[in-house]
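First comes the structure, then the notes that go with it.
What follows draws every value from the coordinates through simple rules; no lab data is involved. On a predicted model such as this, the values are computed, not experimentally measured, just so you know. In this analysis, Cβ positions are derived from the backbone assuming ideal geometry, glycine residues included, and neighbour counts consider all displayed protein chains.
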Amino acid sequence: MSAQNYIVYEYEDRMQRRATNQLNVKTFVAADGEEFPPTMPHINAFASVLAEAVDGLIGGIIRRATYVIVGDISGVTGNVASDSADVEEIGAFQFRTLDGLKVQANVPAIIETLVTNETGNINQAATAVAAYLAMMEDGIDLGGTLVRATDVGGDYLDATVYARERSRNSGKRRQY
Amino acid sequence: MLATTVNFTFRDSKGKESVYRHRISGGLLPSDIYAYMESAAQIVKNMSAAELTGVSASVSLDLSASTLKTVATQFSDVVNGLLVIGRNAVAGLFAKFKLPTYDDANNADNSDLADAADTDIATLVAILEDGNTNAGITTRAVTTRGEVVDDITSMREIFRKS
C-alpha cells in the first residue's frame with residue numbers, strides 16, 4: 001500500500017468542543033514479526049484496547065474511532081487538471097436505493113463535454129458517465145466479491161434519478 | 001453494519017480542493033476496500049477535469065467492548081493535551097500522538113512530564129511500544145514510513161488548539 005493506514009479518534013470536552021488525533025497502524029504475525037494484511041477484527045481489537053488506555057488519562061470522552069485505509073492512485077491515467085478545471089462546477093447525481101431512499105453524489109469539476117448543450121443535463125450515454133452509473137448502480141466485481149454503492153444505512157443504490165450540472169462553493173469538509 | 005465511506009479528493013487548476021464521496025457496504029475486508037478504491041478512482045477521475053490527489057476509505061470502528069467514560073469531567077479541555085513521541089529504535093524514525101483533554105493529574109509532581117510510574121501512563125506506553133496481540137496477530141503503532149514504534153521517548157503536557 002502506498003501510505004500507512006491509520007486510526008482516527010474523536011474527543012469531546014465539557015464544552016462539547018471536539019478534537020481528533022490519529023495513529024498509523026500495521027498488523028504483524030506475532031510469532032515471527034512478518035507483516036500481515038490488516039483485518040478489521042485485529043484493527044478493532046487494538047483500537048478498543050488503546051481507547052480504554054487513553055480514557056484513563058483524559059478528562060474528555062472518546063466519541064468514536066475510524067479506521068482510514070489509504071488508497072493508491074499511482075495507476076490512474078490522465079490524472080492532470082485541465083486549465084479550465086473548476087471544482088465548483090459539479091456533476092450532481094441523485095440515486096435511489098432499493099428501499100426508495102434518495103442519495104446525492106457530487107462530482108467536482110465535471111467535464112464540460114459530458115454535459116448536453118443548453119439543457120444542463122449530463123449525457124448518461126457518454127462512455128465515462130455510463131461507467132460511473134454502472135459502478136454506482138451495479139457495483140464493481142473484484143473477482144468474486146461484488147462491492148456495491150449504498151446509502152448511509154447500507155441499502156444498495158439501484159437507479160439513477162437525475163444527473164445535472166450545477167455550481168456550488170467547494171467548501172472543503174472533513175475527510176476522515 | 002455501518003456503510004464505509006470512500007473519499008476522493010480533487011484539486012482544480014486554481015488549487016481549490018473538493019472531496020467527492022460515496023458509500024459502499026460495510027463488513028468488507030480491507031484488501032477488498034483497497035482494490036475497490038483503485039478501480040473506482042479511475043472511473044470517478046474520468047468524469048472530472050480536476051486532478052485526483054488522494055483516495056481513502058473510512059471504516060467505523062466498534063468501541064462497545066471498551067469501558068469508556070460517557071461524561072466529560074469538569075476540567076476537560078481539548079486545548080490541554082499530552083504529546084507522546086515514540087520512535088523506531090533501529091531506524092531512528094519518530095512518530096507523534098497527541099491526547100486531547102489530557103488530565104494533568106497524571107503528571108509527575110511539579111512537572112509537565114507524564115509520570116512514568118503512573119499505572120495508566122505505563123499501560124499506554126506498553127500498548128504503543130508493544131501493540132496488541134489478538135489471535136496470533138499483533139497490531140502496532142508505526143511511523144509514517146511504516147517502521148514500528150518500539151520506544152516512547154517523551155510524554156509532555158502541552159497546550160495547543162487542535
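Is the stretch A:121-161 rounded, prolate or oblate when judged by the Cα gyration tensor, a ≥ b ≥ c being the square roots of its eigenvalues, rounded requiring a/c under 1.5 and prolate requiring a/b larger than b/c?
Since a/c reaches 1.5 but b/c is at least a/b, the shape of the stretch A:121-161 is classed as oblate.
Order of A:Glu35, B:Glu147, B:Glu129 from fewest to most other C-beta atoms within 10 Å?
The fewest-first ordering by Cβ neighbours comes to A:Glu35, B:Glu129, B:Glu147.
What angle, in degrees between 0 and 90 and rounded to the nearest 10, separates the Cα long axis of helix B:119-130 from the longest principal axis of the Cα atoms of chain B?
Approximately 40 degrees, to the nearest ten.
Going 7 Å from the Cα of B:Arg21 in the Cα-to-Cβ direction, what parts of the stretch A:86-102 have a backbone nitrogen less than 17 Å from that spot?
A:93
Using +1 on the beta carbon of Lys and Arg, -1 on that of Asp and Glu, and nothing else charged, what's the dipole of the stretch A:6-68 about the Cα centre, debye to 20?
The calculation lands at about 380 debye.
Using Cβ contacts closer than 10 Å as the measure, can you line up A:Val115, A:Val87, A:Val29, B:Val78 from fewest to most?
Ranking A:Val115, A:Val87, A:Val29, B:Val78 by Cβ neighbours within 10 Å, fewest first, gives A:Val29, A:Val115, B:Val78, A:Val87.
Can you tell me the dipole magnitude for the protein assembly as shown around its Cα centre, using point charges on the Cβ only (Lys, Arg +1; Asp, Glu -1), in Debye to the nearest 20?
900
Would you mind getting me the FRET efficiency between B:Lys96 and A:Asp72? Use the beta-carbon distance for r and R0 = 25 Å, nearest 0.05.
0.50
In whole percent, what relative contact order does chain B give with Cα contacts below 8 Å and a gap of six or more residues?
Averaging sequence separation for qualifying contacts and normalising by length gives 21 percent for chain B.
Based on the Cβ-Cβ distance of B:Phe159 and B:Ser60, what FRET efficiency does E = 1/(1 + (r/R0)^6) give at R0 = 51 Å, to the nearest 0.05?
With a Förster radius of 51 Å, E is 0.95.
Could you tell me which of rounded, prolate or oblate describes the protein assembly as shown, using a ≥ b ≥ c as the square roots of the eigenvalues of the alpha-carbon gyration tensor, with rounded for a/c under 1.5 and, failing that, prolate when a/b is larger than b/c and oblate otherwise?
prolate
Which value, in debye to the nearest 20, gives the size of the charge dipole of the stretch A:105-171 about its Cα centre, when Lys and Arg are +1 and Asp and Glu are -1 at the Cβ?
It comes to approximately 220 debye.
Please provide three numbers in whole Å: the alpha-carbon extents of the stretch A:89-167 along the principal axes, with the largest listed first.
That gives 39, 27, 18 Å along the principal axes, largest extent first.
Work out the charge dipole of the stretch B:1-130 with +1 on the Cβ of Lys and Arg and -1 on the Cβ of Asp and Glu about the Cα centre, then indicate which of B:Gly27, B:Val84, B:Asn7 is farthest towards its positive end.
Of the options given, the answer is B:Asn7.
Give the residue from A:Thr27, A:Pro37, A:Ala47 lying farthest towards the positive end of the charge dipole for the stretch A:6-68; charges sit on Cβ (+1 for Lys and Arg, -1 for Asp and Glu) and the dipole is referred to the Cα centre.
Toward the positive end, the furthest listed residue is A:Ala47.
By how many nm would the segment from A:Ala134 to A:Arg168 lengthen if fully extended, with 0.36 nm per residue of separation less the alpha-carbon distance?
Contour length minus the Cα-Cα distance gives 9.7 nm.
Tell me, what is the percent relative contact order of the stretch A:89-167, built from C-alpha pairs under 8 Å that lie six or more residues apart?
With pairs under 8 Å counted, the relative contact order is 44 percent.
Rank A:Ile110, A:Val70, A:Ile58 by how far each Cα sits towards the positive end of the charge dipole of the stretch A:35-117 (+1 on Lys, Arg Cβ; -1 on Asp, Glu Cβ) and give me just the farthest.
Final value for the positive-end residue is A:Ile58.
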